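What follows is a set of notes on a single structure, which appears directly below.
The values are calculated or read from the model by the stated rules, or taken from the named source; none is laboratory data. All values reported here derive from a predicted model rather than from experimental measurement. Ideal geometry is used to build each Cβ from the backbone, glycine not excepted, and the neighbour counts take in all protein chains shown. Only protein heavy atoms, including side chains, enter the accessible area calculation; ligands, DNA and RNA are left aside. Shrake-Rupley method; radii C 1.70, N 1.55, O 1.52, S 1.80 Å.
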Amino acid sequence: MEKKNLDWENMGFSYMQTDKRYVANYKDGKWDDGALIDDANIVMNECAGVLQYSQSVFEGLKAYTTEDGHIVTFRPDLNASRMVDSAKRLEMPPFPEDRFVDAVAQVVKANAAYVPPYGSGATLYIRPYMFGINPVIGVKPADEYQFRIFATPVGPYFKGGAKPITICVSDFDRAAPHGTGHIKAGLNYAMSLHAIVTAHANGFDENMYLDSATRTKVEETGGANFIFVTKDNKVVTPHSSTILPSITRRSIMYVAEHYLGLEVEERDVYFDEVKDFAECGLCGTAAVISPVGKVVDHGKEICFPSGMEKMGPVTQKLYDTLTGIQMGHIEAPEGWIKVIE
Ligand SMILES: *Cc1c(COP(=O)(O)O)cnc(C)c1O
């Protein structure tokens, strides 16, 4: 298969239309067979449920080329099951998990020419999503839904190495107790836009959200989970029912324990203890781990000993091991890597 002639090294994180996308429709109480199609545009009624009441959920994962030339995806079964959880919380019919994994493979295969070559640092970003499509004016769940997956090549998240970022403690809340913070719904992002634009305007890269009930515990950022490293090399991540369960973070905690032999803890993390940690990172599919050098709480700075020049040593090891597993240099735990072709 001939690769597209794209400038793999210099791509940003933006949408590029590729050849094929997957579409399945839910109508009269069941999903149809689904198919790959060419048309990147969606025509829907002006009163579609998603447009009026934001009934939509999504996922994000990547396909990449391994050192030995295979195209693979990383733990797509976890995206499938998380999307089921998201759909249920928004009263949407779950898309079957086995069909989700199969549809991801179909989209990657059909767009194999867009999967960046090994070593470029670029990847194929895959976006499954689902939304209410029939007219809904009285507030209720839609009766008809569309499930889609498109793929778009994206550049290396960090050009020229991962520089630590500066984040601020947000005055806004991301998630409420018993709300929707633990599911991947577009609505969680719509209401976070003002907070991130405000953070950027104030010179910060990201927001650290505290728990909205007590404002004493660390939750996550707008789109990534936290890991912290203690001065005695323990890897700690916040436990909370309002955090989105990041697949990257869950994988990192496994790698820390089973590959690096580190002690791991998933527990309440009080903001008061952040100043005592040695390293801090943000975990998500886009960057894998983005190192945090500084946290600013209303003018009060917490500077991690790892500094503003490079990742902390434990964060770096976690990053190298997980990306090594993804790229095929390090043997993966059973079931983590799905070979597409
Ligand atoms: C998607 C997402 C993450 C990261 O999850 P991954 O599965 O690692 O990509 C973290 N926080 C929020 C709020 C998210 O939506």
Within 15 Å, Cβ to Cβ, of LYS88, how many net charges do the neighbouring residues add up to if Lys/Arg are +1 and Asp/Glu are -1?
-1
Do you know the relative contact order of the chain, to the nearest whole percent, from alpha carbon pairs under 8 angstrom that are 6+ apart?
19
In terms of the alpha carbon gyration tensor, root eigenvalues a ≥ b ≥ c, rounded if a/c is under 1.5 and otherwise prolate when a/b exceeds b/c or oblate, segment 225-282 is oblate
Please report Rg (one decimal) and Dmax (integer) in Å for the Cα set of segment 165-327.
14.8, 41
Obtain the nm distance between the two label points defined at PHE13 and HIS200 by a simple spin-label model: each point lies 7 Å from its Cα along the Cα-to-C-beta direction.
1.1
Percent of beta bridges antiparallel (DSSP, segment 165-327, rounded to nearest 5)
60
Taking only protein heavy atoms into account and a 1.4 Å probe, give the accessible area per residue of the chain in Å².
46
For segment 175-190, 3J(HN,Hα) per residue [Karplus equation, 6.51 cos²θ - 1.76 cosθ + 1.60, θ = phi - 60°, Hz, x = Gly/Pro]
8, 9, x, 6, x, 10, x, 8, 10, 9, 10, x, 4, 5, 7, 4
Rounded, prolate or oblate: which fits segment 1-82 when a ≥ b ≥ c are the square roots of the eigenvalues of the alpha-carbon gyration tensor, with rounded for a/c under 1.5 and prolate only if a/b beats b/c?
prolate
Mean separation of Cα contacts under 8 Å (6+ apart) over length of segment 142-278, as relative contact order %:
22
Amide H contacts under 5 Å for GLU144, placed H, 5+ residues apart:
ILE133, ASN134
Can you run phi through the Karplus equation (6.51, -1.76, 1.60; θ = phi - 60°) for segment 87-102 and list ³J(HN,Hα) in whole Hz, with x for Gly and Pro?
4, 4, 5, 9, 6, 10, x, x, 7, x, 4, 5, 5, 4, 4, 5
Whose amide H sits under 5 Å from the amide H of GLU265, counting only residues 5 or more places off or on another chain, with H placed in the peptide plane?
VAL235, VAL236, THR237
Dipole magnitude of segment 165-327 about its Cα centre (Cβ charges: Lys, Arg +1; Asp, Glu -1), debye to nearest 20
280
Under 17 Å from the Cα of LYS140 - aspartates and glutamates, other chains or at least 8 residues apart
ASP28, GLU46, GLU91
Among ALA176, VAL101, THR66, the residue whose Cα sits farthest towards the positive end of the charge dipole of the chain, when +1 is placed on the Cβ of each Lys and Arg and -1 on the Cβ of each Asp and Glu, is ALA176
Using per-residue counts of other Cβ atoms within 10 Å, averaged over each peptide, order 135-144, 275-284 from highest down.
275-284, 135-144
The chain - mean residue ellipticity at 222 nm from DSSP helices (-39,500 (n - 2.57) per run, n ≥ 4, rounded to 500)
-6500 deg cm²/dmol
Do any of LYS62/LYS294; LYS184/LYS294; LYS27/LYS62; LYS234/LYS317; LYS62/LYS310 go past 18 Å between their Cα atoms, and which?
LYS62/LYS294; LYS184/LYS294; LYS27/LYS62; LYS62/LYS310
Summed over the other residues with a beta carbon less than 12 angstrom from that of HIS182, with K and R at +1 and D and E at -1, the charge totals +2
Say the dipole of the chain comes from +1 at the beta carbon of Lys and Arg and -1 at that of Asp and Glu; which of GLY335, THR230, ALA287 then lies farthest toward its positive end?
ALA287
Taking 20 °C and 1.002 mPa s as the conditions, I'd like the Stokes-Einstein D for segment 8-154 in µm²/s, using the Kirkwood hydrodynamic radius from alpha carbon pairs.
135
Using a basic spin-label model with each label point 7 Å from the Cα along Cα→Cβ, how many nm lie between ALA110 and CYS47?
3.1
Roughly speaking, to the nearest percent, how much of the chain's 1.4 Å accessible area is carbon and sulfur?
50
Where does the charge balance sit around PRO164 when Lys and Arg score +1, Asp and Glu -1, over other residues with C-beta under 9 Å from its C-beta?
+2
If a/c stays under 1.5 just call it rounded; otherwise compare a/b with b/c (prolate if a/b is bigger, oblate if not). Do that for the chain, with a ≥ b ≥ c from the square roots of the Cα gyration tensor eigenvalues.
oblate
Which one, ALA40, SER86, TYR145, is farthest towards the positive end of the dipole of the chain when Lys and Arg carry +1 and Asp and Glu -1 on their Cβ?
ALA40
Cα-centred dipole magnitude for the chain, charges only on beta-carbon of K, R (+1) and D, E (-1), debye, nearest 20
300
Short version: ³J(HN,Hα) in whole Hz for each residue of segment 331-341, in order, from phi by Karplus 6.51 cos²θ - 1.76 cosθ + 1.60 (θ = phi - 60°), x for Gly and Pro, what are they?
4, 8, x, 3, x, 7, 10, 9, 7, 8, 7
